[in-house]
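Structure, as structure tokens:
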Amino acid sequence: MAKDLMRYDVMAQEALRGVVKQALHKAAGPGGLPGQHHFYITFRTRGRGVDIDESLMEKYPEEMTIVLEHQFWDLDISDAGFEVTLKFSGVPKYLKVPFSAVSRFHDPSVGFHLQFEHEVEDENVAVALPETVASDNEDEVKATGSDDDGAQVVSLDSFRKK
């Protein structure tokens, strides 16, 4: 089998990051989040281009999950990422997150899950639940674990010919 010089794995990851981008565009629109939709977005806090308050970086040195539901402000989406203001212990904090730093996206209202790998060149698509949740109203982190809803992790590696 020939080496994949097209890098279909990278193209698939970028296409799925586009899903995250479109969902955020809808949330930033005049009507806000429709119905019961809300997002858990996990990102690598030390990812290239991430800009978060130093106190958040100290508390979440590797990954952080934010919730976009009722209380978020100034959501702005660009081709490269998004910016938003959330409250942590009642104090507003600005966050700038490139899409390349996003590791998980989850909309629990409809059971939609995406998981991205760390390295852009070696990314895979998976379906998974976020491991931690940081509330947009408080800086409490809680483990969510699995809800046994039958969700399975599906990696593109299983479809690649080696």
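Only residues that are small (Gly, Ala, Ser), outside any helix (DSSP H, G or I) and surrounded by 12 or more Cβ atoms within 10 Å (Cβ to Cβ) were counted across region 30-59, and they come to 3.
Please tell me if ASP74 is under 21 Å from PHE88 (Cβ atoms), without any contact (Cβ under 8 Å) to a residue 24 or more places away in the chain and not polar (S, T, N, Q).
On the way: under 21 Å from PHE88 (Cβ atoms): yes; without any contact (Cβ under 8 Å) to a residue 24 or more places away in the chain: yes; not polar (S, T, N, Q): yes.
Considered against the rule, which asks whether it is under 21 Å from PHE88 (Cβ atoms), without any contact (Cβ under 8 Å) to a residue 24 or more places away in the chain and not polar (S, T, N, Q), ASP74 comes out as yes.
Which residues, counting only those in region 70-94, are touching an Asp or Glu at 6+ places or on another chain (Cβ under 6 Å) and crowded, with 19+ Cβ neighbours inside 10 Å? The answer is PHE72, LEU86, PHE88.
Residues in region 28-70 that are of a type in the set (A, V, I, L, M, F, W, C) and more than 17 Å from PHE112 (Cβ to Cβ): ALA28, PHE43, VAL50, ILE52, LEU56, MET57, MET64. For LEU129, the stated conditions do not hold, so it cannot be described as at pLDDT 50 or above, within 15 Å of the chain's Cα centre (by Cα) and of a type in the set (A, V, I, L, M, F, W, C). Filter region 63-101 for residues that are polar (S, T, N, Q) and in a strand (DSSP E or B); which is farthest from the chain's Cα centre (by Cα)? Taking the candidates together, the pick is THR85.
Quick check: is even one residue across region 37-44 among the basic types (Lys, Arg), at pLDDT 95 or above and under 26 Å from SER89 (Cβ atoms)? Yes; the residues of region 37-44 include at least one that is among the basic types (Lys, Arg), at pLDDT 95 or above and under 26 Å from SER89 (Cβ atoms).
Kindly provide the set of residues from region 1-43 that are acidic (Asp, Glu), within 21 Å of THR65 (Cα to Cα) and touching a helix residue (DSSP H, G or I) at 6+ places or on another chain (Cβ under 7 Å), ordered by number. Step through it out loud before you land on a result.
Within region 1-43, the subset acidic (Asp, Glu) is 4, 9, 14.
Add one more test, that the residue is within 21 Å of THR65 (Cα to Cα), and what stays is 14.
Correct list: empty.
Is there a residue being of a type in the set (Phe, Trp, Tyr) and without any contact (Cβ under 8 Å) to a residue 24 or more places away in the chain anywhere in region 95-115?
Applying the first criterion (of a type in the set (Phe, Trp, Tyr)) to region 95-115 yields 99, 105, 112.
Remaining after also requiring without any contact (Cβ under 8 Å) to a residue 24 or more places away in the chain: 112.
Yes.
The sole residue among VAL97, VAL102 that is in contact with a Gly (Cβ under 6 Å, 6 or more places away or on another chain), surrounded by 15 or more Cβ atoms within 10 Å (Cβ to Cβ), within 18 Å of VAL19 (Cβ to Cβ) and modelled with pLDDT of 95 or more is VAL97.
The values are calculated or read from the model by the stated rules, or taken from the named source; none is laboratory data. This one's a predicted model, so the numbers in the text were calculated from it and none came from an experiment. We place every Cβ from the backbone using ideal geometry, glycine too, and count neighbours over all the protein chains shown.
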